[in-house]
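Notes follow the structure.
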Amino acid sequence: MRLRSSSATLLALVLVFGVGCDPGAPGTRPGSASPLAAPPTVVDADGVIVHLFEWTWPDVAAECETFLGPKGYRAVQVSPPTENAVVEDPPRPWWERYQPVSYRFENRSGDRAAFADMTARCRAADVDVYVDAILNHMTGVYSGVGTAGSTFSEYHYPGLYDYDDFHHCGLTEGDDIRDFNDPAQVRNCELVNLADLATEKERVRDRLAAYLNDLIRLGVSGIRLDAAKHIAPEDIRAILDRLDGPLYVYQEVVDDADALRWAPPYFPLGDVTEFRYGQRVGELFRSGRLDRLFGPQSIWAEGVFVPDAEALVFIDNHDTQRHGGAHVLTHRDGPLYDLAVAFMLAYPYGRPRVMSSYAFTDEAQGPPADAGFNILRVHRPDGTVDCGGARWQCEHRRPAIAGMAGFYNATASARAFDHVWTGAPGQIAFGRGGRGFFALNRSETALETTLATGMAPGVYCDVIAGERRADGKGCTGPTVTVRPDGTATLALPPGTALAFHVGAKEDAR
């Protein structure tokens, strides 16, 4: 099998960073109507999302039941469920999942029956399922076979698409995007040789909408729209208008480093991924300059981030782990990474997504698998989980992260923060309108002080180090006592944090 592109690394870099600087006018084709209105079937949603990257459907289902639901995670993002090209060179890389061959539900995560079982079990556990949906393109492979046995050749996907269903730019050097500052090329040419669907055509829109409606029928509640920046906003709107039921939508739109130019036309269509958030927060946590999270000189004052109401945020994702640059924090950064994710879940900006990944030594490396490339299970038959070792990392299970899902839920109604305090460099604390309080010590000295918290008097569980017992009589870890005047004395060693909220208060004895 021959790749349409010989550079998988370049593909991932373009997907992550977009390469462009100034696309000029907002994203409508010449002569098209603007601005766009919100599709009636696209709905809002809140709560912490966990991305179980490359997990099998039975493992996702088990995780919803045994951990995600009980811990208060509201949704799980799963890898693309459709048939994808079998890539042999390099052997079965992660990015083959982003090269769809058909809309049959059969790949290394499982088949259609397993997928339907997963969505039903997750919904019963009060966890929504979000699918990583690929609507922009088909394969970056000239010809071959898919994971369900479908054969295909260049621009020919039997029963789905033929040559006329794709964009053909006719540029002098081929169909690839050459100028990432030109909206017409970005949306109508090939992204590193990925066969680019002509999403302005009605038959293409109908088939893409049919796929999304199939997801809805199977119990899917939302989608991450992959490479949305490379689809014209009006094309996305036309596809979403064909939905038979409600769907939460968040779109992969990578903007410039220092400006908000590409994202605004996509705001009416759903939330937008804010890649710069993880990069900037990671930079501040690495340097210890947490004072720049507050005040007139803060990163928020720069005015480049997607607005709170439209932002989908993360510290890292499957792309930035591999190609995000030196500032991006990942599971390899240990406790520092945990602190950054805990901060994300405490600070009221955007809807947060927590990454759950696997260890890798090569950027193209696929998920943990046996000699036949069958994905290894996370949930073992004996009831234990393969987390935190040499294979699956399960960052979402780390105590400092998992405990903050409940904090996010308890404070979601208080969309502001108060009682802000900054001490020595790297020491911060803030309240969430009487619903919760968070403190973090990134410095190399102990944080020992008494602060106003805005919380009602009582004894609270520190949810980063433990949780409230089921009977309400005590905590499994340390506690924080809030005095009648609303103050609390904090003692944080270097490299630690604490958090407590109204749902983690001990019952009166």
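Here are Ile216, Ile223: which of them is in contact with a helix residue (DSSP H, G or I) (Cβ under 8 Å, 6 or more places away or on another chain), closer than 30 Å to Cys64 by Cβ and β-branched (Val, Ile, Thr)?
So the residue among Ile216, Ile223 that is in contact with a helix residue (DSSP H, G or I) (Cβ under 8 Å, 6 or more places away or on another chain), closer than 30 Å to Cys64 by Cβ and β-branched (Val, Ile, Thr) is Ile223.
Being over 26 Å from Met355 (Cα atoms), touching an Asp or Glu at 6+ places or on another chain (Cβ under 9 Å) and either surrounded by fewer than 19 Cβ atoms within 10 Å (Cβ to Cβ) or in the same structural domain as Arg123 (by TED's automatic domain parsing) (or both) narrows it down to one of Arg217, Arg187, Arg224, so name that one. Show your work before the answer.
On the way: Arg187 fails: either surrounded by fewer than 19 Cβ atoms within 10 Å (Cβ to Cβ) or in the same structural domain as Arg123 (by TED's automatic domain parsing) (or both); Arg224 fails: over 26 Å from Met355 (Cα atoms).
Criteria check complete, one pass: Arg217.
Given the conditions (1) closer than 16 Å to Phe314 by Cβ; (2) touching a Leu at 6+ places or on another chain (Cβ under 8 Å); (3) not basic (Lys, Arg), report the number of the one that Leu243 does not fulfil.
Single failed check for Leu243: (1).
Can you go through Gly282, Gly278 and tell me which one is in the same structural domain as Asp89 (by TED's automatic domain parsing), closer than 23 Å to Ala424 by Cα and at pLDDT 95 or above?
Checking each option against the conditions leaves just Gly282.
Out of all the residues in the range 175-211, which are among the aromatic types (Phe, Trp, Tyr) and under 25 Å from Ala259 (Cβ atoms)?
Phe180
Out of Ser298, Ser357, report the one residue that is surrounded by fewer than 20 Cβ atoms within 10 Å (Cβ to Cβ) and of a type outside the set (Val, Ile, Thr).
After ruling out the rest, the residue left standing is Ser298.
When the range 149-162 is examined, which residues are found to be in a loop (DSSP other than H, G, I, E, B) and either in the same structural domain as His230 (by TED's automatic domain parsing) or touching a Gly at 6+ places or on another chain (Cβ under 9 Å) (or both)?
Ser150
Can you tell me which residue in the range 361-380 is surrounded by the fewest Cβ atoms within 10 Å (Cβ to Cβ), limited to those that are within 23 Å of Val50 (Cβ to Cβ) and without any contact (Cβ under 8 Å) to a residue 24 or more places away in the chain?
Looking at residues that are within 23 Å of Val50 (Cβ to Cβ) and without any contact (Cβ under 8 Å) to a residue 24 or more places away in the chain, I get Arg380.
Checking the conditions here, which among Gly372, Gly366 is within 23 Å of the chain's Cα centre (by Cα), in a loop (DSSP other than H, G, I, E, B) and assigned by TED's automatic domain parsing to the domain that holds Glu106?
Gly366
Take Val304 and tell me if it is outside any helix (DSSP H, G or I) and either at negative phi or small (Gly, Ala, Ser) (or both).
yes
The values are calculated or read from the model by the stated rules, or taken from the named source; none is laboratory data. If you're wondering where the values come from, they're calculated on a predicted model, not measured in any experiment. Don't worry about glycine lacking a Cβ; one is built from the backbone with ideal geometry, like all the others, and counts go over all protein chains shown.
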